[in-house]
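Derivation of every value follows stated rules applied to the coordinates shown; laboratory data play no part. Treat the numbers as computed from the prediction; the structure is a model and nothing was measured. Cβ sites come from the backbone with ideal geometry, for glycine too, and all protein chains shown count toward neighbours.
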Amino acid sequence: MTARYDWTINQGETSSLTYTRTDSGGSAVNFPAGTTFRMQAKDKYGGTAVVTLDNTAFNHSSGTNTFDVTISATETAAITAPAKYVYDIEAVDGSSVTRVLEGALVVRPEVTT
């Protein structure tokens with residue numbers, strides 16, 4: 001089952017998220033060695049992407065159950081319409097793709113520019 005987390009970010013700021021994968025009993029579930037990650041946030045399901053991140057935005061040690069993902073200040077500033085978006089993060093292991101995290105990405109507007 002895909003975990004859900006609603007992530008609130010500030011336009012024009014760097015924002016990071018740490019995710020730790022566990023089973024229903026709380027035990028670690030490691031990502032296979034060589035797993036890469038990707039993320040997109042869109043205005044709606046099937047809509048226009050406002051953020052697209054590849055594996056370089058993720059910090060992950062091979063064979064562990066945790067990753068950090070960072071959206072840079074430049075990327076958050078480029079989201080021109082502060083709003084509530086949808087996002088998901090996928091783990092890619094060879095030809096296998098697993099959605100591991102999904103939710104709303106809430107972008108709060110920047111006042112000082």
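Details
- Cβ-Cβ distance of Ser27 and Val106, R₀ of 41 Å, FRET efficiency by 1/(1 + (r/R0)^6): the value works out to about 0.85.
- Under the criterion of Cα pairs below 8 Å and six or more residues apart, the relative contact order for segment 3-108 equals 39 percent.
- With semi-axes defined as the square roots of five times the eigenvalues of the C-alpha gyration tensor, the equivalent ellipsoid of the chain measures 26, 14, 13 Å, largest first.
- Net lengthening on full extension, Val97/Asp6 (0.36 nm per residue, minus Cα-Cα): 30.6 nm
- If you run the Gaussian network model on the chain, springs between alpha carbon atoms under 10 Å, then out of Gly25, Gly94, Gly12 the most flexible one is Gly25.
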